[in-house]
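Peer 1: Below is one structure. I have some questions about it.
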Ligand code: SF4
């Protein structure tokens, strides 16, 4: 049986992993970023809710003669996927094992973690976590050309997160228990990526320093440091990045290892300068924890990138001003700003569904300083904070016309995408409730 895995626009780790699992089982499998396939089965690997609204994807699915299954993060609300895309089944959650069973036996209620139509009904079976041991991924020949925030590829070191951040899907998708891979398997995989021309690799998997965490932080810290040292030996330390890390899961030893074995940056999810919003986000940290982690990184010569979210449903203008002050007071090396996105199966999605558009900053018309630009309140905060952060960075940037237009365009695009996702979820509110 011939199978094509389509991962639109970029090769996600999940799509390469499924490819490797199928190849290991003897399937003739191809991985592509393009919406075209002439095989018995197509596996669509969709990582963004926007994919469900994408006309090209819809047209591809409705015009396809193949059996089409959909998996990936969009599977959080399988009935919405089945309503929006004319596919044969949805693979829910971690799909390695259910995909094999689907391909081996066809659609059946006896397969865990799938959803499909049966007449007027939708049948849904309970997903189960997959084994953390796996064959090597299917690595495409042009992987070295991919650039995701500076890395050619992200690799998975563990699954799950002990956090409960209200905007994040990771604990719901992978669970709260950390399941870690063996260091030797990860290194074997990284060597393979290197053979395919990958120059820079990033570690994904929620919060990277939770690798091998099982309740005792002193045990897992040494494992994480050993992991970084071994990856650096293969790739060279300047070609390793550790994108996401919780501020309450760093200490002196971890920061030293990040300085010595990676490109020397930490990326903290700071999110907000308002303790009220951090509480609403269920971050489990406050502004003091954030400041401590930033200062500690500086002390150990590690550069600090901060991620912020604006437009949380409960964020007032006073909360937003606190975030501006926080950025001004803490001199980041880089800043990433996102408008709050209601990712399926998160507390934020539920909050957004309960919030009238008239009370949601993502829909409220901005009437302040940027009213001439015709923005929503979330877009105005995203744009304003981007300009502010640029000027307040450790090495301040200059706001040229091009920089201004880039930030304005990004804020508008994010606002438009998130309104589209919100409308989609609201259309299916009854199903989600
Ligand atoms: S944002 Fe990070 S720390 Fe929070 S739940 Fe998600 S992966 Fe965990």
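The values are calculated or read from the model by the stated rules, or taken from the named source; none is laboratory data. Everything numeric in this text was worked out from a predicted model, so none of it was measured. Cβ sites come from the backbone with ideal geometry, for glycine too, and all protein chains shown count toward neighbours.
Peer 1: Identify all residues within the stretch 361-387 that are out of contact with any strand residue (DSSP E or B) (no Cβ under 9 Å at 6 or more places or on another chain) and either within 15 Å of residue 306 (Cα to Cα) or assigned to a loop (DSSP other than H, G, I, E, B) (or both); write none if there are none.
Peer 2: 367, 368, 369, 370, 387
Peer 1: Scan the stretch 128-151 and tell me whether some residue there is crowded, with 21+ Cβ neighbours inside 10 Å and within 17 Å of the chain's Cα centre (by Cα).
Peer 2: Yes, there is a match, as at least one residue in the stretch 128-151 is crowded, with 21+ Cβ neighbours inside 10 Å and within 17 Å of the chain's Cα centre (by Cα).
Peer 1: Quick one: in the stretch 140-151, of everything that is in contact with a strand residue (DSSP E or B) (Cβ under 8 Å, 6 or more places away or on another chain) and assigned to a loop (DSSP other than H, G, I, E, B), which residue is farthest from the ligand (Cβ to nearest atom)?
Peer 2: From the stretch 140-151, those in contact with a strand residue (DSSP E or B) (Cβ under 8 Å, 6 or more places away or on another chain) are 140, 143, 146, 148-151; that's our starting set.
Keeping just the survivors that are assigned to a loop (DSSP other than H, G, I, E, B) gives 140, 146, 149-150.
Numbers: 140: 27, 146: 22, 149: 16, 150: 19 Å.
The residue in question is 140.
Peer 1: Mind counting the residues in the stretch 399-415 that are loosely packed, with under 12 Cβ neighbours inside 10 Å and either assigned to a helix (DSSP H, G or I) or touching a strand residue (DSSP E or B) at 6+ places or on another chain (Cβ under 9 Å) (or both)? Lay out the reasoning, then the answer.
Peer 2: Filtering the stretch 399-415 for residues loosely packed, with under 12 Cβ neighbours inside 10 Å gives 400-402, 405, 409.
The next check asks that each one be either assigned to a helix (DSSP H, G or I) or touching a strand residue (DSSP E or B) at 6+ places or on another chain (Cβ under 9 Å) (or both); those that pass are 401-402, 405, 409.
Matching residues across the stretch 399-415 total 4.
Peer 1: Oh, and also: Among the residues of the stretch 180-222, what is the count of those that are more than 24 Å from the chain's Cα centre (by Cα), in a helix (DSSP H, G or I) and under 23 Å from residue 269 (Cβ atoms)?
Peer 2: Going through the stretch 180-222 one residue at a time, the tally reaches 1.
Peer 1: Has the stretch 242-254 got any residue that is within 13 Å of the ligand (Cβ to nearest atom), assigned to a helix (DSSP H, G or I), under 22 Å from residue 159 (Cα atoms) and in contact with a strand residue (DSSP E or B) (Cβ under 8 Å, 6 or more places away or on another chain)?
Peer 2: yes
Peer 1: Sticking with this one: Does the stretch 116-129 contain any residue that is without any contact (Cβ under 8 Å) to a residue 60 or more places away in the chain, assigned to a loop (DSSP other than H, G, I, E, B), farther than 26 Å from residue 6 by Cβ and within 16 Å of the ligand (Cβ to nearest atom)?
Peer 2: There is no residue in the stretch 116-129 that is without any contact (Cβ under 8 Å) to a residue 60 or more places away in the chain, assigned to a loop (DSSP other than H, G, I, E, B), farther than 26 Å from residue 6 by Cβ and within 16 Å of the ligand (Cβ to nearest atom).
Peer 1: Among the residues in the stretch 311-320, are any touching a strand residue (DSSP E or B) at 6+ places or on another chain (Cβ under 7 Å), under 20 Å from residue 390 (Cα atoms) and surrounded by 19 or more Cβ atoms within 10 Å (Cβ to Cβ)?
Peer 2: yes
Peer 1: Return the only residue of 100, 114, 107 being buried (at least 21 other Cβ atoms within 10 Å of the Cβ) and closer than 21 Å to residue 39 by Cβ.
Peer 2: Of 100, 114, 107, the one residue that is buried (at least 21 other Cβ atoms within 10 Å of the Cβ) and closer than 21 Å to residue 39 by Cβ is 114.
Peer 1: Follow-up. Sort out which residues of the stretch 196-206 are within 16 Å of the ligand (Cβ to nearest atom) and in contact with a strand residue (DSSP E or B) (Cβ under 6 Å, 6 or more places away or on another chain), and write them in order of number.
Peer 2: 202, 204, 205
Peer 1: Need the failing condition index for residue 154 against (1) more than 13 Å from the ligand (Cβ to nearest atom); (2) part of a loop (DSSP other than H, G, I, E, B), just the number.
Peer 2: (2)
Peer 1: Still on this model: Here are 167, 193: which of them is within 16 Å of the ligand (Cβ to nearest atom) and either at pLDDT 95 or above or not assigned by TED's automatic domain parsing to the domain that holds residue 344 (or both)?
Peer 2: Going through 167, 193 in turn, just one is within 16 Å of the ligand (Cβ to nearest atom) and either at pLDDT 95 or above or not assigned by TED's automatic domain parsing to the domain that holds residue 344 (or both): 167.
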